[in-house]
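Asker: Shown below is the structure under consideration.
The values are calculated or read from the model by the stated rules, or taken from the named source; none is laboratory data. Treat the numbers as computed from the prediction; the structure is a model and nothing was measured. So basically every Cβ, Gly included, is an ideal-geometry build from the backbone, and we count neighbours across all protein chains shown. Please note that ligands, DNA and RNA were not included when accessible areas were found on the heavy atoms of the full protein model with its side chains. Shrake-Rupley method; radii C 1.70, N 1.55, O 1.52, S 1.80 Å.
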Amino acid sequence: MDREVIDAMLPFMESHFGNPSAIHFYGRETRAAIEKARKTVAKYLNCSPGEIFFTSGGTEANNMAIRCAVKAYNLRHIITSPIEHHCVSHTTEALGKEGTVKLHYVHVDEQGRFDLAHLEELLTTIGERCLVSLMHANNEIGTMVDINAVGEIVKKHSGIFHCDTVQTVSHFAFDLQKTPVHFISAAGHKFHGPKGTGFIYIRHDVKIPPFIFGGAQERNMRAGTENVYGIIGLAKALEISYENLETTKTKIFELKSYMKQSLENNFPT
């Protein structure tokens with residue numbers, strides 16, 4: 001973790017011990033810190049704080065989006081790809097095996113790129129509202145999809161679009177006011193934050209049931225006492241990442257160029 005992230009978390013491990021669901025002073029103190037963190041996340045993604053819900057990581061966020069969307073909208077079809085992260089592929093496969101939905105897979109070329117014409121064909125053929133779950137950047141090969149292009153296709157067919165953005169949040173700019181997506185996900189450890197923390201963006205006009213029951217935390221959407229210091233650390237890490245986005249991007253591209261040139265020099269084709 002970034003040293004600044006650790007420093008931001010320490011007070012909530014050492015002295016700010018209140019349960020954020022409690023109404024006493026110590027609880028209100030930690031509640032205020034969580035809401036400040038929520039506003040920080042929303043600021044950098046250009047969305048409303050009310051559209052951000054903290055989770056235990058990207059896996060939970062993706063499960064929440066897929067399972068809750070299917071339940072809320074009584075969806076019978078999911079369009080996804082054969083190269084999704086396991087937290088998406090195993091979830092959709094489980095729903096398929098249960099008989100809850102029928103799965104459809106977008107064609108993928110030899111470089112790991114989605115065939116968007118095939119996506120449109122699938123949506124047209126299915127002919128009813130369905131969930132489309134396609135990742136923004138692949139976690140193994142790095143291939144990226146145009147999230148706006150996919151979103152516009154899904155929007156044209158009145159579908160629900162979930163995008164696994166765990167690999168790209170904090171590394172690429174997002175403007176969720178303009179991006180036609182219903183759900184995106186993030187994990188703190190992908191940008192030098194604490195492990196076991198994450199969040200899900202749920203667009204304001206999407207209404208889904210809670211993923212975890214038992215309490216009123218996260219505006220009744222995710223029961224359980226909040227991971228206060230994890231949330232504080234995630235928000236600080238995201239802030240650092242976006243404030244240094246261009247500098248980091250330049251460094252990464254320099255490393256990429258160096259590696260590519262080194263491979264070509266040492267392994268001539």
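Asker: Test Thr55 against the stated conditions and say whether it is within 30 Å of Val101 (Cβ to Cβ), surrounded by 17 or more Cβ atoms within 10 Å (Cβ to Cβ) and touching a Cys at 6+ places or on another chain (Cβ under 6 Å). Walk me through it before giving the result.
Answerer: Values: within 30 Å of Val101 (Cβ to Cβ): yes; surrounded by 17 or more Cβ atoms within 10 Å (Cβ to Cβ): yes; touching a Cys at 6+ places or on another chain (Cβ under 6 Å): no.
So Thr55 does not fit the description; no.
Asker: Select from segment 128-156 the residues that are open to solvent by 50 Å² or more (accessible area, probe 1.4 Å) and at pLDDT 95 or above and list them in ascending order.
Answerer: Glu128, Arg129, Met144, Asp146, Asn148, Glu152, Lys155, Lys156
Asker: Can we say Leu119 is in a helix (DSSP H, G or I), open to solvent by less than 10 Å² (accessible area, probe 1.4 Å), of a type outside the set (Lys, Arg) and farther than 16 Å from Ile184 by Cβ? Quick ask: steps written out before the conclusion?
Answerer: Details: in a helix (DSSP H, G or I): yes; open to solvent by less than 10 Å² (accessible area, probe 1.4 Å): yes; of a type outside the set (Lys, Arg): yes; farther than 16 Å from Ile184 by Cβ: yes.
Against the criterion (in a helix (DSSP H, G or I), open to solvent by less than 10 Å² (accessible area, probe 1.4 Å), of a type outside the set (Lys, Arg) and farther than 16 Å from Ile184 by Cβ), Leu119 qualifies.
Asker: Still on this structure, please answer the following. Surrounded by fewer than 20 Cβ atoms within 10 Å (Cβ to Cβ) and within 16 Å of Glu4 (Cα to Cα) - does that describe any residue in segment 210-232?
Answerer: No, segment 210-232 contains no residue that is surrounded by fewer than 20 Cβ atoms within 10 Å (Cβ to Cβ) and within 16 Å of Glu4 (Cα to Cα).
Asker: Right, next: Counting only residues that are in a helix (DSSP H, G or I) and either in contact with an Asp or Glu (Cβ under 8 Å, 6 or more places away or on another chain) or open to solvent by 60 Å² or more (accessible area, probe 1.4 Å) (or both), how many does segment 88-102 have? Show your work before the answer.
Answerer: Of the residues in segment 88-102, the ones in a helix (DSSP H, G or I) are 88-97.
After this cut, where a residue has to be either in contact with an Asp or Glu (Cβ under 8 Å, 6 or more places away or on another chain) or open to solvent by 60 Å² or more (accessible area, probe 1.4 Å) (or both) as well, the list is 88, 90, 92-93, 97.
Selection size over segment 88-102: 5.
Asker: Can you list residue pairs whose Cβ atoms sit under 7 Å apart, with the first residue in segment 89-109 being closer than 18 Å to Met135 by Cβ and the second being assigned to a helix (DSSP H, G or I) and open to solvent by 60 Å² or more (accessible area, probe 1.4 Å)? Count only pairs 6 or more apart in sequence or on different chains.
Answerer: Qualifying pairs under 7 Å: Thr91/Arg67.
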